[in-house]
Amino acid sequence: MTPVRPDNYLAFAIVSAILFFPPTGIVAIVKAAQVDSLYDRGRYEEAEAMSLSARKFARISLFVGIGIIAVYVLFYILLLASL
């Protein structure tokens, strides 16, 4: 019996790369693209590991991007307050 195909998180990786932080988002896209081919070749454990890795890098991209946006907003607010 074959295990269930893991989610590849490709859409999440693309959105996080475009909207938030491209360096880790691109890594997430590459890893997400490998999930289905690994699963189709019968390498189920590697496909699961690659899926988790894609999700991890997409989340890193999301959180780093939100952090950068928060720093910019804080800087802008402080700049306006000093004027």
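None of the figures in this text is laboratory data; all of them are computed from the coordinates on show. The shown structure was predicted, so the numbers you read here are calculated from the model rather than taken from an experiment. Methodologically, a virtual Cβ is constructed for each residue, glycine included, from the backbone with ideal geometry; neighbour enumeration extends over all protein chains shown.
Under 1.5 on a/c is rounded, so check that first for the chain, then, if it is not, pick prolate when a/b is larger than b/c and oblate when it is not; a ≥ b ≥ c are the square roots of the alpha carbon gyration tensor eigenvalues. Display every interim value, and only then the final one.
Numbers: a/c = 5.07, a/b = 4.15, b/c = 1.22.
Prolate.
Here TYR39, TYR76 are placed in order of increasing Cβ neighbour count within 10 Å, fewest first, which gives TYR76, TYR39.
If R0 is taken as 22 Å, the Cβ-Cβ distance between ILE14 and ALA49 corresponds to a FRET efficiency of 0.60. Applying 1/(1 + (r/R0)^6) with R0 = 30 Å to the Cβ-Cβ distance of ARG5 and VAL64 gives a FRET efficiency near 0.55.
Please report LEU83, LEU10 as a ranked list, fewest other C-beta atoms within 10 angstrom at the top and most at the bottom.
Values: LEU83 4, LEU10 17.
Fewest-to-most ranking of LEU83, LEU10: LEU83, LEU10.
Can you give the charge dipole size of the chain about its Cα centre, rounded to the nearest 20 debye, using +1 on the beta carbon of Lys and Arg and -1 on the beta carbon of Asp and Glu?
Values: 7 positive and 6 negative charges, 25 e Å.
The calculation lands at about 120 debye.
Each of SER51, SER82 has some number of other Cβ atoms within 10 Å of its Cβ, and from fewest to most they run SER82, SER51. Charges were assigned to the Cβ only: +1 to each Lys and Arg, -1 to each Asp and Glu. The resulting dipole of segment 17-57 about its Cα centre is roughly 160 debye.
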